[in-house]
Amino acid sequence: MNYLVTGASGFIGRRLVEKLLQHPGSTVHYLILEQELPLVDTLRQRWGVNADRAFPLIGDLTQPRLGIAEVDCIQLKGHIHHLFHLAAIYDLKADAKIQEQVNIAGTRNVLAFAEAIEVGCFHLVSSIAAAGLYEGVFREDMFEEAEKLDYPYHRTKHEAEGIIRRECTRPWRIYRPSIVVGDARTGEMDKIDGPYYFFKPIQKLRKLLPPWVPMIGIEGGRLNLVPVNFVVDAMDHIAHQAGLDGQCFHLVDPNPLRVGDILNLFARTAHAPEMNLRFNASMFSFVPEIIKAGLATLKPVRQLKERIFNDLGMPPEVLRFVNYPTRFDCRETLRVLKGTDIAVPPLDTYAWRLWDYWEHYLDPDLFIDRSLSGAVKNKVVLITGASSGIGKAAALKIAEAGATTLLIARTKERLLDTQREIEERGGRAFSYTANVADFASCDALIRQVLDDHGRVDILINNAGRSIRRAIENSLNRFHDYERTMQINYFGALRLIMGFIPSMLNEKRGHIINISSIGVLGNAPRFSAYIASKAALDAFSRCATAEFSDSGIEFTTINMPLVRTPMIAPTKLYQHMPSLSPEEAADLIVQAIIERPERIATRAGVFAQMLHAMAPKLYAVLMNTAFRFFPETPAAKGQVDTQESYLEQISMACLAWIYRRITN
């Protein structure tokens, strides 16, 4: 048996050729562009055949009769039993003109070539897209009934199928696969399409929340998915059955799942939160299309839409298929496949393979330069509080990655120690002594830095002051609130406002503010500290909105407890779960590379959600901890006792349990 295949290097085509070559004595000619000839050896190696069974045929879909040499046409005439036409544009985002050239004109050129060499049977691999957005059940014998062919992909696939139906004089068969996903046996896939667009949001949700957190989501229509191995096996079987010419076959799942069920299935596979409460997305269909179109033209709406879909890594067109209205009858396909083991496997039996393959080979994050060097090399990075703790650890990492690192602190000697350590490692650093709590010192620092370096690309507001004391013990200590606000908020704000003009000139910049998990958890005894950090958090949220179109980004890191000199006076912290300065610096590195609006631990996010959902209950829980563990002697100006030490140990145990639960 002799075959000719177009699109043999594609996702379905590679597997179809491999299947066809399993027939005894079969040979396959496959169309390939001249510039794709280097792929020949790779394809033969995949198929496991020598040159005497798989023959490349140089041609081009956009050329009359595929631009194949006359001598090749003569040799093939009357010798090709089956021609499978798979080559097409399968992409909702592709340009309409290109889709017309390939899907419509290309099909006509392949048909002309097939007529010229007198193929035995012409097999067109179409798509369920040929039905458009038909409302209701679309049968295999339906074609002209297709509706809403607004998308170029739908329109061109429908027209390509029409060409074969109207113009083909050779025996023909048409196959309409639904949304093709990876191999059910291996998970292998070659691109992100269909349900894969939702994998990145699911992955982000998994990183943000524990899997047991209930979510609200959508129900949607029924989305028909089939694994590529089913499509190939079904086509191969149907193509070799007698008496089926002039028919169309739906290669679809006879029992498709709703969008909400599919998303929950992949969320469960990924160990991400599931949508426990789902609303029907069709409830928004009452809004007239003309109003939707009008709103979509507004600049703020366009910017919001672009930002959301860019963050999610999916094209906006995907939303049009959430309420997919078409069901596909496949009774003729089922009749032909009856008695074989060819059937669509339940999605829940292979979803884990699809997810695993995507996460290991297709996740867009795998192809992004995630190195710190790629983010900071040859950039000017300013770090306050760089003489010790988190600031020093971050400075060492950033300088080692190739940044020009500006070190800011009050103590010159310790600052120079950090600079020397950086230079010994081959980094480049400059030291500036300044008191962030003093406005005049901040202004002088800003002028000096801009004179010396011209700009600051990344500003890391790390310097800060923490005070642990109950409000009732602070009634005569108003200065506690003033000094924490002065350094944690006003000092950081002075630097931000001083460097923003140069960032606006450069049309880029990144400001990272080191906040606290306490802002999310509203921890008792830290009212002065948390209020100052919360003020900076609020400013950053406002600034993010104002500068989102200016290239300046803000990241807030709600840092958990870190073992630094700032917490040393409180012995309680010696027994609580905490990060090392190096681990905390890794969060800053993450902020520089990924540029999120916020970085927070699961414990912090859980505390914030619990407070938002049940503020009274949360207040009772925090008050219980507040009363159960009284003020430390140090906060009262007293000396620690054995009794207070045991209370600290107990508090540390509860903190450990809390951390285990939220993680």
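Computed from the coordinates by the stated procedures, all read-outs in this text should not be read as laboratory data. Model, not experiment: these values are computed from the prediction. Positions of Cβ are backbone-derived with ideal geometry, glycine not excepted, and every protein chain shown enters the neighbour counts.
Structure above, values below:
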{"quantity": "Relative contact order (percent, whole number), segment 372-601, Cα cutoff 8 Å, 6+ residue spacing", "calculated": "20"}
{"quantity": "Euclidean distance between Cα centres, segment 179-203 to segment 353-384, Å", "calculated": "21"}
{"quantity": "Overall dimensions of segment 1-51 as given by Cα atoms, namely Rg and Dmax in Å", "calculated": "10.2, 31"}
{"quantity": "Sparsely packed trypsin sites (Lys or Arg not before Pro) within segment 487-531, loop by DSSP, other Cβ within 10 Å at most 10", "calculated": "507"}
{"quantity": "Segment 91-140, Cα convex hull volume normalised per residue, Å³", "calculated": "90"}
{"quantity": "Cα centroid separation, segment 150-170 to segment 388-454 (Å)", "calculated": "66"}
{"quantity": "Segment 127-180: GluC sites (Glu not before Pro) falling in loop per DSSP and having at most 16 other Cβ within 10 Å", "calculated": "135, 144, 145"}
{"quantity": "Segment residue 63-residue 192, length gained on full extension (0.36 nm per residue, minus Cα span)", "calculated": "43.5 nm"}
{"quantity": "Amide N proximity, segment 14-39 versus residue 1 label position 7 Å along Cα-to-Cβ, cut-off under 11 Å", "calculated": "19-27"}
{"quantity": "Flagged links, alpha-carbon separation over 24 Å, of 397/507; 377/507; 392/533; 148/338; 200/392; 157/191", "calculated": "397/507; 148/338; 200/392"}
{"quantity": "Within-9-Å neighbourhood charge of residue 540 [Cβ basis; K, R +1; D, E -1]", "calculated": "0"}
{"quantity": "Cα-projected label distance for residue 112 with residue 602, points at 7 Å along beta-carbon direction, nm", "calculated": "6.2"}
{"quantity": "Two-site FRET efficiency, residue 507 against residue 242, from Cβ-Cβ distance with R₀ of 60 Å, rounded to 0.05", "calculated": "0.35"}
{"quantity": "Geometric extent, Cα atoms of segment 372-601 - Rg, Dmax (angstrom)", "calculated": "16.7, 51"}
{"quantity": "Rg/Rh for segment 26-88, where both radii come from Cα atoms and Rh is the Kirkwood radius", "calculated": "0.94"}
{"quantity": "Area projected by the alpha carbon convex hull of segment 325-396, averaged over all directions, nm²", "calculated": "10.9"}
{"quantity": "Centroid-to-centroid separation of segment 546-563 and segment 3-17 [C-alpha atoms, Å]", "calculated": "49"}
{"quantity": "³J(HN,Hα), Karplus 6.51/-1.76/1.60, whole Hz, each residue of segment 183-195, x for Gly, Pro", "calculated": "5, 5, 8, 10, x, 4, 8, 10, 7, 8, 7, x, x"}
{"quantity": "Amide hydrogen neighbours beyond the local backbone of residue 184, cut-off 5 Å, H modeled", "calculated": "228, 229, 230"}
{"quantity": "Length-normalised contact order for segment 382-426 - Cα pairs under 8 Å, 6+ apart - percent", "calculated": "44"}
{"quantity": "Linear extension gain, residue 455 paired with residue 477, 0.36 nm per residue minus alpha-carbon span", "calculated": "4.0 nm"}
{"quantity": "Table column - 3J(HN,Hα) (Hz), segment 499-504, Karplus curve with 6.51, -1.76, 1.60, x for Gly and Pro", "calculated": "9, 4, x, 5, 5, 5"}
{"quantity": "Amide H contacts under 5 Å for residue 253, placed H, 5+ residues apart", "calculated": "225"}
{"quantity": "Computed FRET value (nearest 0.05) for residue 538 with residue 23, which takes r as the C-beta separation and R₀ as 51 Å", "calculated": "0.15"}
{"quantity": "Estimated inter-spin distance, residue 448 and residue 550, nm [label 7 Å along Cα→Cβ]", "calculated": "2.6"}
{"quantity": "Rg to Rh, two decimals, where segment 155-284 supplies the alpha carbon set and Rh follows Kirkwood", "calculated": "1.09"}
{"quantity": "Rg/Rg_ref, segment 88-202, where Rg_ref = 2.2 N^0.38 Å and atoms are Cα", "calculated": "1.16"}
{"quantity": "Phi-based couplings in Hz for segment 4-17 (Karplus 6.51, -1.76, 1.60; Gly and Pro marked x)", "calculated": "10, 10, 9, x, 5, 8, x, 4, 7, x, 4, 6, 5, 4"}
{"quantity": "Full-extension gain in nm, residue 329 to residue 416, via 0.36 nm per residue minus C-alpha separation", "calculated": "23.8 nm"}
{"quantity": "When the convex hull of its Cα atoms is projected in every direction, mean area for segment 1-177 (nm²)", "calculated": "10.3"}
{"quantity": "Cut-off under 5 Å, modelled amide H: who pairs with residue 218 long-range", "calculated": "279"}
{"quantity": "Residues in segment 95-113 reached by a label modelled at residue 166 [backbone nitrogen below 18 Å; 7 Å Cα→Cβ]", "calculated": "100-113"}
